[in-house]
Amino acid sequence: MSEVFGIIGGTGPAGLGLAQRLCSLGHRVVVGSRDEARAESVVAELELPGDSPGTVVGSTNETAARSEIVVVATPWDAIARTVSPLAELLSGKIVISMVNALTRQGSEFQALTLARGSAAQTVQSILPLSRVVAALQHVPARELGAWAEPLDADILICGDDVEARRKVMTIVERIGGARAFDAGSLASAGAIEAMTAVLLNLNIRYKSHTALRILGIEGDRPW
Ligand SMILES: NC(=O)c1ccc[n+]([C@@H]2O[C@H](COP(=O)([O-])OP(=O)(O)OC[C@H]3O[C@@H](n4cnc5c(N)ncnc54)[C@H](OP(=O)(O)O)[C@@H]3O)[C@@H](O)[C@H]2O)c1
């Protein structure tokens, strides 16, 4: 089934990688920005599959927020000012947070302890009427955007609204190679964001492209 996704802060590597992947799955994607012209220009440069009914357009964050399913892909310290004005538009919707609360100290990434526990919980606190699901924070943008290749990764998904969480899991499972795992309530988001710092540090240390794989759960995964 094809859905319309809007990506707030979609002009960075994370948002654009996700836009490409969603497009390859046949979805329509609105890449949002503070600057519509910038969004249009970065989208015009994107390599997209020619044989997919999916589309990607560049627009404002507000237009992105009018989509059926909305993704937040800004730096963590931009969440409040970016998302607060859109709260009414996002009310009742699934809002996917792919934000990590991280800081870089020299050559090392470190997880931050936010007052709400994580970037995803911060988004939920700003959007109490939205159904926030944390997903894809630990998937590198480059691999996400490489739509011609399977995504060799397991993806941990958490959120307080069970139905929203399962919907996002269903979408993620359509990505070839990827497996979605139900990681429970949004209380787990901080651990996943912090693990992303560890993966990034491994990449730096070993000049690698790490991904998560969960061992011990094979075959059908009941909800
Ligand atoms: N990069 C990755 O591999 C990756 C993978 C998974 C998750 N993530 C997470 O996804 C988020 C985005 O990552 P990214 O690498 O794409 O980040 P980014 O390039 O630094 O930021 C993404 C977009 O956010 C907007 N933005 C930046 N600063 C802002 C501000 N102060 N106020 C409002 N909007 C602002 C910008 O869009 P406009 O200037 O067009 O408005 C920018 O293009 C981060 O939280 C990151 O941890 C990243």
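Quickly run through segment 21-41 and pick out the residues that are of a type outside the set (A, V, I, L, M, F, W, C) and either surrounded by 22 or more Cβ atoms within 10 Å (Cβ to Cβ) or near the ligand (Cβ under 7 Å from one of its atoms) (or both).
Arg21, His27, Gly32, Ser33, Arg34, Asp35, Arg38
Of the conditions (1) closer than 27 Å to Thr196 by Cα; (2) within 12 Å of the ligand (Cβ to nearest atom); (3) touching a residue at least 40 places away in the same chain (Cβ under 8 Å), Arg81 satisfies every one except a single condition; which number is it?
Arg81 satisfies all of (1) closer than 27 Å to Thr196 by Cα; (2) within 12 Å of the ligand (Cβ to nearest atom); (3) touching a residue at least 40 places away in the same chain (Cβ under 8 Å) except (3).
Restricting attention to segment 121-171, report how many residues are closer than 30 Å to Ser84 by Cβ and within 13 Å of the ligand (Cβ to nearest atom).
Result for segment 121-171: 14.
What strands (runs of 3 or more DSSP E) completely inside segment 124-223 contain at least 1 residues that are under 18 Å from Leu114 (Cβ atoms)?
Once the strands (runs of 3 or more DSSP E) in segment 124-223 are filtered for at least 1 residues that are under 18 Å from Leu114 (Cβ atoms), what remains is 131-134, 154-159.
Just one of (1) free of Cβ contacts under 8 Å to residues at least 60 places away in the same chain; (2) surrounded by fewer than 17 Cβ atoms within 10 Å (Cβ to Cβ) trips up Ala187, so point out which.
For Ala187, the exception is condition (1).
Which of (1) charged (D, E, K, R); (2) more than 9 Å from the ligand (Cβ to nearest atom); (3) in contact (Cβ under 8 Å) with a residue 12 or more places away in the chain; (4) surrounded by fewer than 17 Cβ atoms within 10 Å (Cβ to Cβ) does Asp51 not meet, given it meets every other one?
(3)
Does any residue of segment 92-99 turn out to be among the hydroxyl-bearing types (Ser, Thr, Tyr), within 23 Å of Leu25 (Cβ to Cβ) and away from the ligand (no atom under 14 Å from the Cβ)?
Looking for residues that are among the hydroxyl-bearing types (Ser, Thr, Tyr), within 23 Å of Leu25 (Cβ to Cβ) and away from the ligand (no atom under 14 Å from the Cβ), one finds none in segment 92-99, hence no.
For Glu68, work out the one condition from (1) surrounded by 14 or more Cβ atoms within 10 Å (Cβ to Cβ); (2) more than 9 Å from the ligand (Cβ to nearest atom) it doesn't fulfil.
Failed condition: (1).
FYI, it's all coordinate maths here, none of it is from the lab. All figures in this text were calculated on a predicted structure; none of them were measured in a lab. Cβ: placed from backbone, ideal geometry, glycine included. Neighbour counts: every protein chain shown.
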